[in-house]
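Each value in this text was obtained by applying a stated rule to the coordinates, not by laboratory testing. Owing to the predicted nature of the structure, the values given are computational and were not obtained by experimental measurement. All Cβ positions, even for glycine, are placed from backbone atoms using ideal geometry, and neighbour counts span all protein chains on display.
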Amino acid sequence: MLRKTLAVTLAAAVCLGNAQAADDTIRTHAITDSLFVLFGNGGNIAVLTGKDGTYLVDDQYAPMTPHIRKALKALSDAPVRFVFNTHWHTDHTGGNANFARTGSLLVAHDNVRTRLSSDQFISAFQREVPAADSSAWPVLTFDQRISFHLNNETVHSLHVARAHTDGDSLVHFEKANALHMGDTFFNGIYPFIDLSSGGSIDGVLAALQTALTLSDARTVIIPGHGPITDRAGLKRYQQMLQSLRDQVAAQLDQGQSIEQVVASRPTRAYDDELSGGFITPQAFARTLAESLSHSRADQSE
Ligand SMILES: [Zn+2]
């Protein structure tokens, strides 16, 4: 329960854009003796350490950088050589400029650079996000996949199209058998799908299917927000999203409007379990209906 409360607090801070809302404590969890997860204020961070230098997946908000550095210092004296961003949202990229300033190479999908380098508007929250300073932009970008070979590990980053945004990557630590999901997975709360950044429910479901294909019963699954879990936890999440998606699609097929879908409370079977976050059941139902309506409009063009 404590974990769930923490996840909810962090997630609420995420989308209100309030970097100071939660406390700044970093909690470190060891997956192996060289792979760790840092839980703090913002998206979950993966850390690969070793003699070749430290590799980070995501870097939370800018004010968290000193706290992250302190937590990293306890794991390794090596410099942070790479920072990989799973997507552009500021709770995952806010520390980019700080790490770039001290020599880290920023790496992400092409669309992460595109969105960080231009003004954005997140329609779900009616929130404008100005372009980041150029020092925060990824300097190495890719369109499908990129692999890193360091610290006796192989790390594959795989782009998943139009999922939480249009620039998401899954990050697979092959030897450690761990998978960072970025925000294609919110564990324990209704997910945010950023339609205005090119996200879609069908893309999220495809990303989850890819993750299931990459994983086995022993894989450690690191969600973008919430506690780590295993393949069974990921599978439950996929089944929940698939059943809600299919139900909303059926209602739209019957001719219901988006407002009628939302009013029918299609998520209610899951509300006790998942409504403790910043995405309300109504907001999630609306996202599903809007996402499926968009894809219908695209098909009929
Ligand atoms: Zn996000």
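Spelling out what I want: for every residue of region 102-107, take phi, set θ = phi - 60°, compute 6.51 cos²θ - 1.76 cosθ + 1.60 (Karplus), and round to whole Hz; glycine and proline get x.
Per-residue couplings from phi come out as 9, x, 6, 8, 8, 10 Hz.
Which distance in nm do the two modelled labels at residue 250 and residue 145 give, with both placed 7 Å along the Cα-to-Cβ direction?
Using points 7 Å along Cα→Cβ, the separation is 3.6 nm.
Assuming R0 = 45 Å, can you tell me the calculated FRET efficiency for the pair residue 280 and residue 52, based on Cβ-Cβ distance, to the nearest 0.05? Intermediate values should be presented prior to the final figure.
Working: r = 45 Å, r/R0 = 0.99.
Efficiency at R0 = 45 Å is approximately 0.50.
If you build a Gaussian network model of the chain, linking Cα atoms that sit under 10 Å apart, which residue out of 163, 62, 250 swings the most?
Taking springs between Cα atoms under 10 Å, the residue moving most is 250.
Simple spin-label model, 7 Å along Cα-to-Cβ: residue 263 to residue 29 in nm?
Calculated label separation equals 4.2 nm.
Checking understanding here: applying a Kyte-Doolittle mean of at least 0.5 and a length along the axis of at least 18 Å (C-alpha), which whole DSSP H helices in the chain pass?
2-16, 201-214
Please work out the C-alpha center-to-center distance from region 46-106 to region 195-268 and express it in whole Å.
One Cα centre to the other: 29 Å.
What residue among 59, 271, 166 has the largest mean-square fluctuation in a Gaussian network model of the chain, using Cα springs under 10 Å?
Taking springs between Cα atoms under 10 Å, the residue moving most is 271.
For the pair residue 218/residue 117, report the inter-label distance in nm, with labels modelled 7 Å from Cα in the Cβ direction.
Taking the two extended label points, one gets 4.3 nm.
Tell me, Kirkwood radius of the chain from alpha-carbon pair distances, in Å?
On the way: mean 1/r = 0.0520 Å⁻¹.
Across the chain, the inverse of the average 1/r is 19.2 Å.
Karplus couplings for region 221-229 from phi (6.51 cos²θ - 1.76 cosθ + 1.60, θ = phi - 60°), rounded to Hz, Gly and Pro as x?
Per residue, the Karplus-derived 3J(HN,Hα) values read 9, 9, x, x, 9, x, x, 5, 8 Hz.
Can you compute the helix-only [θ] at 222 nm over the chain? Use -39500 (n - 2.57) per DSSP H run of at least 4 residues, normalise by all residues, nearest 500 deg cm²/dmol. Walk me through the intermediate numbers first.
Details: 10 runs with 108 residues, N = 301.
Theoretical 222 nm ellipticity from helices: -11000 deg cm²/dmol.
Take 86, 28, 141 and order them by how many other Cβ atoms sit within 10 Å, fewest up front. Walk me through the numbers on the way to the answer.
On the way: 86 30, 28 15, 141 18.
Ranking 86, 28, 141 by Cβ neighbours within 10 Å, fewest first, gives 28, 141, 86.
Using 1/(1 + (r/R0)^6) with R0 = 41 angstrom and r between the beta carbons of residue 271 and residue 174, what's the FRET efficiency to the nearest 0.05?
It comes to 0.60.
Any idea what the relative contact order of region 152-234 is, in percent, if you count C-alpha pairs under 8 Å spaced at least 6 apart?
On the way: 177 pairs, mean separation 25.9, N = 83.
Rounded, it is 31 percent for region 152-234.
Counting only pairs 8 or more residues apart or on different chains, how many lysine pairs in the chain have their Cα atoms under 28 Å apart?
Here the count comes out as 9.
I want the antiparallel fraction of DSSP beta bridges within region 2-232, as a percent rounded to 5.
Values: 29 of 43 bridges.
Of all bridge pairs located within region 2-232, approximately 65 percent are antiparallel.
How high is the relative contact order of the chain, in percent, counting Cα pairs under 8 Å that sit 6 or more residues apart? Write out the running numbers ahead of the final one.
Working: 628 pairs, mean separation 42.1, N = 301.
Relative contact order, the chain: 14 percent.
Within region 145-176, report the trypsin sites (Lys or Arg not before Pro) that DSSP leaves as loop and that have at most 15 other Cβ atoms within 10 Å.
Values: sites: 145, 162, 175; in loops: 162, 175.
Qualifying residues, ordered by number: 175.
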